[in-house]
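A.B. asks: Pasting a structure below so you can have a look.
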Amino acid sequence: MALWGISTASETAANNYALPKHLSENDRNNTPWNCFADVRGWVYRRYSTNEYSGLSSTYYDEVLVPIVGLNSTAPTADAGATGIGTAGPVAVFFEDPNKSSRISVGGGGTTGIATNTTGYVHVVFNELVFAGAAATMRIRAYDANDANETTSIIAYVASSGATQYAWDSTAANHGSPGVHTNFSGQITNRVAFGFTSPSSVLTANVNFLTGITTGVTVAAGATQIFVDSLTNVSAGSSLTITGKLTNTPVVSVGNTFVYIGTANTIASTIAPGIAATFSTRTNATKLRIDIPSGFVGVVTDGSSGVGVISSFTSQFGDVLLRNVGGAGTAFSGVGIGTTTLTVTA
């Protein structure tokens with residue numbers, strides 16, 4: 001059983017955050033983010049709904065490895081056992097907006113989330129925790145260029161409203177789970193912080209192609225501009241030429257040149273070899289989890305009732321931001337990833 005791993009020395013990426021060694025984030029069926037420690041040992045929670053968090057009302061627990069005192073610091077039942085101590089966060093990510101599977105390849109990476117839509121941030125712990133409904137975390141909002149930060153969003157621990165069960169210190173002799181019928185919050189290892197996306201999005205010019213001007217020198221006032229590449233350029237794109245043009249609309253595209261609108265005149269001649277950048281007007285807001293802030297509010301260890309580690313940086317760092325189980329995944333290598341969620345109108 002020791003081969004599954006029990007460590008109090010550190011809970012970092014180097015030792016898989018003290019999670020079982022045989023669970024990998026590259027496994028689409030048995031993700032480590034659904035595994036936790038409680039009084040029974042290492043437990044895997046298998047969900048029967050597409051919530052995959054403390055909001056799910058239907059699930060069952062599979063005890064992978066029975067270990068007495070695993071989720072405590074100094075277990076009394078077995079003096080020789082090693083507990084993993086205070087519960088700590090092991091992963092943070094935006095939930096897959098599509099909720100198509102536990103870990104959906106490319107999930108929300110192509111769709112993002114719409115305005116005025118409910119979304120969730122999942123904070124995963126290596127133990128069962130009690131997360132009160134007043135607990136919050138902060139989400140920061142930027143334009144498509146990751147600039148011009150706007151009003152941040154506060155995400156709250158939502159409550160499932162259903163009877164919840166926990167094999168915790170309240171269960172007599174740990175022979176049956178404690179029943180919590182009126183707990184306002186979530187009893188889980190994977191806490192869902194809910195938020196509402198902005199009602200409107202930011203607008204920015206996003207660069208997608210950088211090249212140089214070519215061919216003959218273009219006279220002042222001309223509308224035909226020769227460039228070395230036109231990949232993905234179309235009417236409606238914008239053209240910037242260093243020191244000459246700034247975000248000037250493209251009205252048509254040729255084989256080696258573009259035409260800009262006749263109303264846009266050039267103050268001086270454009271010679272070959274000047275940097276030329278194409279961009280497109282993008283209406284979108286990028287949401288990012290505020291890692292330095294962690295979360296605020298009452299979240300307690302299911303074993304001892306004490307507060308859990310609430311900082312994402314002091315012990316773990318940005319590596320907690322995971323690219324699995326949400327909008328884009330570790331399997332596909334594409335999409336926006338779970339560390340950033342794009343809101344589109």
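The values are calculated or read from the model by the stated rules, or taken from the named source; none is laboratory data. Because the structure is predicted, anything quoted here is derived from the model rather than measured. We place every Cβ from the backbone using ideal geometry, glycine too, and count neighbours over all the protein chains shown.
A.B. asks: Identify, by number, the condition in (1) modelled with pLDDT of 85 or more; (2) farther than 30 Å from ASN182 by Cα that GLY132 doesn't meet.
C.D. replies: All conditions pass for GLY132, except number (2).
A.B. asks: Tell me, please, whether a residue that is surrounded by 21 or more Cβ atoms within 10 Å (Cβ to Cβ), modelled with pLDDT under 65 and of a type outside the set (D, E, K, R) can be found in region 306-316.
C.D. replies: yes
A.B. asks: Moving on. Residues in region 263-282: is at least one touching a residue at least 24 places away in the same chain (Cβ under 8 Å), surrounded by fewer than 15 Cβ atoms within 10 Å (Cβ to Cβ), on the phi < 0 side of the Ramachandran plot and part of a strand (DSSP E or B)?
C.D. replies: Checked against the condition, which is being touching a residue at least 24 places away in the same chain (Cβ under 8 Å), surrounded by fewer than 15 Cβ atoms within 10 Å (Cβ to Cβ), on the phi < 0 side of the Ramachandran plot and part of a strand (DSSP E or B), region 263-282 yields at least one hit.
A.B. asks: Can you tell me which of (1) modelled with pLDDT of 95 or more; (2) surrounded by 15 or more Cβ atoms within 10 Å (Cβ to Cβ) is the one THR196 doesn't meet?
C.D. replies: Failing condition for THR196: (2).
A.B. asks: Of the numbered conditions (1) within 30 Å of ASN247 (Cβ to Cβ); (2) part of a loop (DSSP other than H, G, I, E, B); (3) modelled with pLDDT under 85, GLY108 satisfies every one except a single condition; which is it?
C.D. replies: (2)
A.B. asks: So, ALA235, is that one at pLDDT below 90, not in a strand (DSSP E or B) and not aromatic (Phe, Trp, Tyr) or not?
C.D. replies: On the way: at pLDDT below 90: no; not in a strand (DSSP E or B): yes; not aromatic (Phe, Trp, Tyr): yes.
It is false that ALA235 is at pLDDT below 90, not in a strand (DSSP E or B) and not aromatic (Phe, Trp, Tyr).
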